């Protein structure tokens, strides 16, 4: 089963509520980039509230998703990052310096709106 | 994999992007009712854009979800109903007379807001 991507106005919303295995993560990456292209979305909120832990491969995929979305013109906000997930991202030196984060989906959407709509 | 339920303000958003088998449909019903209870959501948008066809069991479950959510105080809007899905719902006599519908997720959310916020 693929991770659903919801389109709301100019934004794409994703809530990851499964354990991300390698295959699912790669499919998600493909689906998201293709949706950004098709929808012309300007912003993406990826909610990780239900993700307890990630391994190095998933962390890398997530980092790549953010960078690639950015290249395609869509700003990504990650929300609901749990402590263990934050630690993995940091330990692996994933380049998340420029990644916007927020507490939850709502806050992420507000942040994107502020940033993109002035 | 369970169908993710996204919380946005007072609303729950669901986009069904898989073929609904019986087990998934039942789990979705349980998850949604439990989320309505936990979150105190006042409205629910269920987007069926990616659902091409449904059988009688799924149609019944969907009808029940709408009725039960209503009993729990959350108004449901179904969006993106395709012709074949509409026909199944009608043929089975599912009581959808009072179900709000809309074209897509955005329109569904607008409809809920108008109805619930005046």
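Numerical summary
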item	result
Sole residue being surrounded by 14 or more Cβ atoms within 10 Å (Cβ to Cβ) and either in contact (Cβ under 8 Å) with a residue 60 or more places away in the chain or more than 13 Å from chain B (Cβ to nearest Cβ) (or both), chosen from A:54, A:3	A:54
Close pairs (8 angstrom Cβ cut-off, 6 or more residues apart or separate chains): within 14 Å of chain A (Cβ to nearest Cβ) and surrounded by 17 or more Cβ atoms within 10 Å (Cβ to Cβ) in region B:90-111, modelled with pLDDT of 85 or more and in a helix (DSSP H, G or I) anywhere	B:102/B:108; B:102/B:110; B:102/B:111
Filtered residues of region A:6-49 (kept if at the interface with another protein chain (Cβ under 9 Å from one of its Cβ atoms) and over 16 Å from residue B:109 (Cβ atoms))	A:14, A:16, A:17, A:18, A:24, A:47
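The values are calculated or read from the model by the stated rules, or taken from the named source; none is laboratory data. Note that this is a predicted model, so its numbers are computed, not measured. Here the Cβ is made from the backbone with ideal geometry for all residues, glycine too, and neighbour counts use every protein chain on show.
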